[in-house]
Every structure is written in C-alpha cells, then in structure tokens.
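The values are calculated or read from the model by the stated rules, or taken from the named source; none is laboratory data. Note that the coordinates shown come from a computational prediction; the quantities given were computed from them, not determined experimentally. Cβ placement follows ideal geometry from the backbone for every residue including glycine, while neighbour counts extend to all protein chains displayed. Side chains included, ligands, DNA and RNA excluded: accessible areas come from the protein's heavy atoms. Shrake-Rupley method; radii C 1.70, N 1.55, O 1.52, S 1.80 Å.
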Amino acid sequence: MFKIRERIEADEQSALAPYACKSDESLGRIHRETPHPYRTAFQRDRARIVHSAAFRRLDGKTQVFLNGTGDHFRTRLTHTIEVASVARTIARALALNEDLTEVIALAHDLGHTPFGHSGEHTLDRLMRAHGGFNHNGQSLRIVTLLESQYPRFSGMNLSYEVTEGLRKHDKTLTAPDGTTHLSPSLEAQVADFADSITYTAHDIDDGLDSGLITAEALDEFPIWSEARMFAEREFRKLDPTERRGYIIRCIMNHEVEDIVINSAKAIKFARLKSVADVRKQKKRLIQFSPETRSGNAAMKKFLYKNLYYNPAVAEANQRGSAMLEALFKRFVETPSLIGRKASRRIKKEGLHRTVADYLSGFTDRYCIEQYQALFE
Ligand code: MG
C-alpha cells in the first residue's frame, strides 16, 4: 500500500556510500523469507536480536564488576547498548548502513558466559578436549542454532551480513554462494571498534567509581590527560562526578572523531566502489590513527593489571567461575539435570557441547541459584 520498505531501501540507495551495505542487496538468509512490508532485512534482524531471550539475559551478566555489586556499574546489556550507540554515530558519519552496524553491535556479546572473562576461561578449559569455548563463536551459535522462537527454523535466520560481522576471528569468510573473502563489511568493522572505544571509556569510568584506580594514576596516559585538559579548559569548576563524567565523554568523543577521520582517509585511498571491493581488502580500513591506537593499547595494559586482574574484581568472578565449573561437571555426570529443551540437542551436538551451551546462557544470578540448589 504505502511501500514503506521499498521507500527506506530507495533512501539507502541514494543516501549511503557506494561501499555501504544496502539492505536490498543483502546476500540473504539461510532460509528464504518473504520481505516484510515495513522493515528492511537489517531492521528485521535488529528486532530478532532485541526480542531474543539471549539478549534479555545480558542484563544479568557481569561486564567487569560482578553484576549487582554497584548501582552504576555496567552490565553486558548496558555495555551492548552503549556499543550500539557509538557504532551508529560512526556509521552515520561514514555514510554506512546504521541499521546493520547496530544489529551487529547488539548481537556482539550474546555469547558471553556468566562472570565475565573469568567464566569464559573456565568454560574454555573445561571444553578443551571438546573444541574449546569462546564468546564470539558462542554468539554465532546462539543466532544460528540455540535461540528457538521461530517454528520454521532453529536460530534467528539472520542476514548473511550480520553473521559475517559476528565471525570476528575467522581469517577467511565464506559468502552464501561459496566464494571466500578476507574482510567483513565496513559496518562490521565499525561495530568492532565501537566495542573497544566503549569498553575502554566505561571501564575507566567504572574503575574510578569503584575506587580501584585513581585519576592521578590515569594522568600518565595521554588518552586521559588530554581529555582532562580539554574538559578543564571548557569548564573551570566542576564537581568531581561531573568532572569524571565529562572527561569520559571527551575520551569517547575524541576516539570517535579519530576513527571517523582516519577511516575516511583509508577508504578514500583504497578507492572503494562497492561492498565487493571492501570484502577484497587484505587490511581493515576502519582504523584509529597510530597515536590513538598505541594510546589505547597502553591504557588497556594498565586496566588489565589494575582493574580486570585486581583481586577485588577478579576474586568475585573466580568464585562464580568455581560454581560454573562444579555445575558443568555435575551436568556432564547427570545430564537429566539440564533443561528439557537443551537435552534434546545432546544427540546431535554431543553432551559436553550441550552442557556448555546450556551453562553459558546462565545469568550470574541463575548460576548462583543453581549451584545453591544442587550443592548447598
Ligand atoms: Mg563487548
């Protein structure tokens, strides 16, 4: 009637860059579906992520600080929403497809275990003889297999461009027609960098809030000190909370600007004419300037040492991971304890993989509850 989807698709064709992914040129879904009257393919993918149980569970999963230990700390869900917001800004500035980059950002952490990276390492160790475990691979398993709300297929049957964006560590990517390529879309690359911009900034924020790191220690790093000086030039007097918030805002703003300017240069230099040209690139074109890249690396090292591996953070997550380990062993011993839906997968996926799929979906709270129910 109103041809809403067709209108959005036409807008994309005229407004986006030639090397942006257009939703009407998507390489498609595994199972064919009739196009939706009001939503483009990527808008439909976004809805599938947002309405999934795996997405809702992100609310109960630790980002860095054990979930529920402070009122202001990020969870996986609030982290994910921040990543999507930053990703959209960068995509818009580069005339890329905002909807696609948003979907990839919203899906990027779906595969995380409870208790942050400590939980992930524990599960990986327990799965060593059975193919290992990592959250990127798990995000892909969730969207292609585990989430089951649609009667016609398992998983969410997302567009190829979304699953391509979740294969972050694959050296070569295989398109639906069987051809291989090296680089994912620029939208996928943007989502990836938005993740790193976001967590560097908000981990500094949460780290300061917790008192585990200090502003004085951060002053050794140009990422912080330059943003601090900028904030102080703009506002002479700020109360400490406003000051911290504004410096964090300046860090993010600076990094977004840096990546937009540098990526625009790299894109121009590569003379891209299409998405196919993007996929042929050997190197990622979305990139920071060398100064920002090395500044971020130094900051990351500091955060690892002083925040992520700080006993106050690490010990709580390790206690949780010990519960995860005990549950893993118990479920392998007694598979009848795992959920009915999950146990139907044992035959095809194997017992250990099924237990890992089941456990990795737990929120922190549910993991503690299950542990208490079985062991206490
Ligand atoms: Mg992330």
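Descriptive notes on the structure:
- When residues of region 55-73 are limited to those that are modelled with pLDDT of 90 or more and within 14 Å of the ligand (Cβ to nearest atom), the one most open to solvent (accessible area, probe 1.4 Å): 55
- Leading residue by the ranking (surrounded by the most Cβ atoms within 10 Å (Cβ to Cβ)) among those in region 110-157 that are closer than 22 Å to residue 323 by Cβ and of a type in the set (Ser, Thr, Tyr): 113
- Counting only helices (runs of 4 or more DSSP H) wholly contained in region 155-241, the ones carrying 2 or more residues that are touching a helix residue (DSSP H, G or I) at 6+ places or on another chain (Cβ under 9 Å), of a type in the set (S, T, N, Q) and at pLDDT below 95 occupy 186-210.
- Residue 141 more than 17 Å from the chain's Cα centre (by Cα), closer than 22 Å to residue 41 by Cβ and in a helix (DSSP H, G or I): no
- Among the residues of region 1-17, those identified as assigned to a loop (DSSP other than H, G, I, E, B) and open to solvent by less than 80 Å² (accessible area, probe 1.4 Å) are 16, 17.
- Note on region 166-219: among residues that are of a type in the set (Gly, Ala, Ser) and within 16 Å of the ligand (Cβ to nearest atom), the one that is most open to solvent (accessible area, probe 1.4 Å) is 196.
- Selection status of residue 72, touching a residue at least 24 places away in the same chain (Cβ under 8 Å), part of a loop (DSSP other than H, G, I, E, B) and not aliphatic (A, V, I, L, M): yes
- Options 298, 316: the member that is modelled with pLDDT of 95 or more and in contact with a Phe, Trp or Tyr (Cβ under 9 Å, 6 or more places away or on another chain): 298
- Screening residue 45 with (1) part of a helix (DSSP H, G or I); (2) open to solvent by 40 Å² or more (accessible area, probe 1.4 Å) gives one miss only, at (2).
- Any hit, region 274-286, residues being in contact with a strand residue (DSSP E or B) (Cβ under 6 Å, 6 or more places away or on another chain) and either away from the ligand (no atom under 16 Å from the Cβ) or open to solvent by 50 Å² or more (accessible area, probe 1.4 Å) (or both): yes
- Residues satisfying the stated conditions in region 85-105, i.e. in a helix (DSSP H, G or I) and surrounded by 24 or more Cβ atoms within 10 Å (Cβ to Cβ): 86, 87, 90, 91, 100, 101, 102, 103, 104, 105
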